[in-house]
Amino acid sequence: MKCLTLSLLLILPSFAFSQKADSLSQYSYLVISIKNKKPAKIQTGFLLKVKSKLFLVSSYHTFSSWDAYTNQRIYPICDTLEIRFKNKATGKNEFILFDIAKIEKSSKYRPYYEKGDFYMFELKNLYQFSKFEMNIINYDPTITNYKKLNPSKIIAFGFPNERLNIKNESDLFKIDPIGINGEIIGQIWQKWSFNDSKEIDSINYRSSIRGYGGYSGSPVFWKVIVKGKESFKFGGVVSGSSPDYKQLIICKPNNLTYK
């Protein structure tokens with residue numbers, strides 16, 4: 001089993017990426033919520049390795065159907081997710097089904113400013129992924145010196161519902177993630193609130209990017225300059241959008257917690 005696991009995981013330098021910006025799209029996976037065996041909602045997810053555990057990360061509302069900003073259910077409520085992977089042998093995309101009924105039924109409303117709108121779904125049976133390409137972000141949660149990076153810009157790739165050309169279900173095998181770039185609003189580590197609300201948010205930070213449905217759950221990367229060269233650092237997960245969709249809300253990487 002150890003040999004299989006090692007062959008599956010693409011281990012990246014901890015918290016750092018030397019790739020060009022466009023290549024970061026490979027870390028974003030298409031996530032489809034299924035209702036009555038039919039695609040109901042499109043979201044984004046990514047694979048995160050923490051120590052010896054592998055997780056599928058997406059928004060909390062993808063798994064729970066709870067809107068972290070309005071305290072309302074998001075309909076239709078789905079109990080199955082399909083994740084798209086590329087078959088290494090054929091080069092074609094395939095979908096793997098995940099039963100999330102137990103998660104959905106036991107879930108409760110979770111305000112965005114208390115825990116962040118994300119969910120860590122542990123992938124335990126790695127054998128079923130042996131034939132697929134797996135692009136994994138290797139993350140060390142003990143790293144805490146993010147302030148020294150002082151990032152001002154982000155880049156993320158996701159599957160925005162409004163911008164995808166989907167005419168039938170077969171298109172879900174072909175669509176690619178779309179990149180977005182933006183400026184970080186304020187300082188990442190400062191506390192803030194929406195619309196002068198009393199709820200103070202220290203879990204997330206904001207970017208000046210227009211929000212689209214489907215980007216929730218996308219991995220975010222900070223653009224930073226290291227020794228005069230542009231590089232990319234893991235910057236968290238897209239949590240959602242502001243009520244007017246003018247800002248993208250991103251959960252800070254150090255707030256990703258694990259059971």
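How do the helices (runs of 4 or more DSSP H) wholly within segment 52-127 filter down when requiring 1 or more residues that are surrounded by 16 or more Cβ atoms within 10 Å (Cβ to Cβ) and under 17 Å from the mean Cα position of the chain (by Cα): which remain?
60-64, 112-115
Take the residues in segment 162-182 that are surrounded by 12 or more Cβ atoms within 10 Å (Cβ to Cβ) and over 15 Å from the mean Cα position of the chain (by Cα), then tell me which one is farthest from residue 232 (Cα to Cα).
So, considering only residues that are surrounded by 12 or more Cβ atoms within 10 Å (Cβ to Cβ) and over 15 Å from the mean Cα position of the chain (by Cα), the one farthest from residue 232 (Cα to Cα) is 166.
Just checking: which of the strands (runs of 3 or more DSSP E) contained wholly in segment 153-253 hold 1 or more residues that are polar (S, T, N, Q)?
Where strands (runs of 3 or more DSSP E) fall fully within segment 153-253 and carry at least 1 residues being polar (S, T, N, Q), they are 178-185, 204-207, 229-241.
When you check residue 185 against the structure, is it open to solvent by less than 60 Å² (accessible area, probe 1.4 Å) and of a type in the set (A, V, I, L, M, F, W, C), yes or no?
For residue 185, the condition - open to solvent by less than 60 Å² (accessible area, probe 1.4 Å) and of a type in the set (A, V, I, L, M, F, W, C) - is met.
What is the number of the single condition among (1) under 20 Å from residue 24 (Cα atoms); (2) crowded, with 17+ Cβ neighbours inside 10 Å; (3) at pLDDT 90 or above that residue 151 does not meet?
Here residue 151 meets the rest and fails (3).
Just name the residue that is nearest to residue 221 (Cα to Cα) out of those in segment 154-168 that are among the hydrophobic types (A, V, I, L, M, F, W, C) and modelled with pLDDT under 90.
Checked segment 154-168; the qualifying residue nearest to residue 221 (Cα to Cα) is 164.
I'm told residue 140 meets every condition in (1) over 25 Å from residue 68 (Cα atoms); (2) among the acidic types (Asp, Glu); (3) open to solvent by 80 Å² or more (accessible area, probe 1.4 Å) except one. Can you identify the failing condition by its number?
All conditions pass for residue 140, except number (3).
Evaluate the following for residue 203: is it closer than 17 Å to residue 157 by Cα and either in contact with a Gly (Cβ under 7 Å, 6 or more places away or on another chain) or without any contact (Cβ under 8 Å) to a residue 60 or more places away in the chain (or both)?
no
What is the one condition in (1) surrounded by fewer than 24 Cβ atoms within 10 Å (Cβ to Cβ); (2) closer than 19 Å to residue 235 by Cα that residue 39 does not satisfy?
For residue 39, the exception is condition (2).
Residues of segment 193-212 being among the acidic types (Asp, Glu) and either open to solvent by less than 40 Å² (accessible area, probe 1.4 Å) or modelled with pLDDT under 80 (or both), which ones?
196, 201
Can you give me the number of residues within segment 19-36 that are open to solvent by 10 Å² or more (accessible area, probe 1.4 Å), aliphatic (A, V, I, L, M) and more than 20 Å from residue 99 (Cβ to Cβ)?
Residues flagged as open to solvent by 10 Å² or more (accessible area, probe 1.4 Å), aliphatic (A, V, I, L, M) and more than 20 Å from residue 99 (Cβ to Cβ) within segment 19-36 amount to 1.
Six or more apart or on different chains, Cβ atoms under 6 Å: show the pairs whose first residue is in segment 124-140 and more than 25 Å from residue 221 (Cα to Cα) and whose second is surrounded by fewer than 18 Cβ atoms within 10 Å (Cβ to Cβ) and of a type in the set (S, T, N, Q).
If the second residue must be surrounded by fewer than 18 Cβ atoms within 10 Å (Cβ to Cβ) and of a type in the set (S, T, N, Q), the pairs left are 126/5; 131/87.
Using the structure shown, decide if residue 49 is among the charged types (D, E, K, R), crowded, with 17+ Cβ neighbours inside 10 Å and farther than 24 Å from residue 178 by Cβ.
yes
Which residues, counting only those in segment 145-160, are over 26 Å from residue 123 (Cα atoms) and not hydrophobic (A, V, I, L, M, F, W, C)?
If the condition is that a residue be over 26 Å from residue 123 (Cα atoms) and not hydrophobic (A, V, I, L, M, F, W, C), then 145, 146, 147, 148, 150, 151, 152, 153 are the ones that fit.
The values are calculated or read from the model by the stated rules, or taken from the named source; none is laboratory data. In this text the structure is predicted, and so the values were computed from the model without any measurement. Please note: Cβ atoms are built from the backbone with ideal geometry, for glycine as well, and neighbour counts cover all protein chains shown. SASA here: full protein model, heavy atoms, side chains in, ligands and nucleic acids out. Shrake-Rupley method; radii C 1.70, N 1.55, O 1.52, S 1.80 Å.
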